[in-house]
Amino acid sequence: MHMNRIDQLFSKKKKNILSVYFTAGYPHLEDTVPILQALQKHGIDLVEIGVPFSDPIADGPVIQQSNHIALQNGMSIHTLFEQLKHIRSHIDIPLVLMGYLNPIMQYGFENFCKACAAVGIDGIIVPDLPLAAYIQDYKVIVEKYALNFISLITPETSEERIYEIDKHTGGFIYMVSSASVTGVQQSFESRLSYFNRIRNMNLKNARLIGFGVSNKTTLKMVNEHASGAIIGSL
């Protein structure tokens, strides 16, 4: 069985990994594949494809707006999988789908994982799926389709919970830089104790830091304290 592309990436590249998030179906419905091709061409290591949802609670105004427009354009999980059907014939980099639980459950959780595996998605992020529910009911399905389930942590997440996330999830841990929504931050000086605390926990999973990485200063600091950065809005 081939090694998951996310695991391959982290095994050969330990630092300065750059992951980019974009909303599927934005700015136009058919932009998904051209955006992926452009990101790969420009050396992006990993791409997080956002499945638009009417109430993206973790996201700030930029991504909320892109979700709204993508939905107006007619993007849905079904349409996205149709667009990604042949993606692995020309995209080699790891791909992660980020979506909220409601539309995934309407599509069917196992159907969603099965379709991810069929088109070559490597991991999924479902920010509003509680960890306990994931472990009890969904982990077996995710692992059946050889996907990495990627979990978010924030400065408020307890060490006990972080160790539990590290034990039960894979790919990488998505470190949210602050307890707020996504968006631009000028500096991460106030986050250093959080970054250092997580680094000193010696987790098995690599860490990428997202939310607010928006300039050279924040990117440099993130790269010093984790394996890399996730950029979603500039």
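Summary table
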quantity	calculated
Subset of segment 19-31 (residues that are open to solvent by less than 20 Å² (accessible area, probe 1.4 Å) and of a type in the set (A, V, I, L, M))	Ala24
Of the criteria (1) within 22 Å of Ile165 (Cβ to Cβ); (2) open to solvent by less than 10 Å² (accessible area, probe 1.4 Å), which one Thr218 fails	(1)
Qualifying positions in segment 28-49 - closer than 15 Å to Gly123 by Cβ, among the acidic types (Asp, Glu) and out of contact with any Pro (no Cβ under 9 Å at 6 or more places or on another chain)	Glu48
Where Pro34 falls short, out of the listed (1) open to solvent by 10 Å² or more (accessible area, probe 1.4 Å); (2) closer than 29 Å to Gln8 by Cα; (3) in contact (Cβ under 8 Å) with a residue 24 or more places away in the chain; (4) not in a loop (DSSP other than H, G, I, E, B)	(3)
Subset tally (residues that are closer than 16 Å to Gly99 by Cβ and exposed (fewer than 14 other Cβ atoms within 10 Å of the Cβ)) for segment 53-65	3
Positions within segment 66-80 being assigned to a loop (DSSP other than H, G, I, E, B) and either open to solvent by less than 30 Å² (accessible area, probe 1.4 Å) or among the basic types (Lys, Arg) (or both), in sequence order	Met75
From the options Asp59, Asp55, residue that is over 14 Å from the mean Cα position of the chain (by Cα) and among the acidic types (Asp, Glu)	Asp55
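The values are calculated or read from the model by the stated rules, or taken from the named source; none is laboratory data. Predicted model, so just to flag it, every value in this text is computed and none were measured. Neighbour counts run over all protein chains shown; Cβ positions are idealised from the backbone, glycine included. Surface accessibility is based on the protein's heavy atoms, side chains included, excluding ligands, DNA and RNA. Shrake-Rupley method; radii C 1.70, N 1.55, O 1.52, S 1.80 Å.
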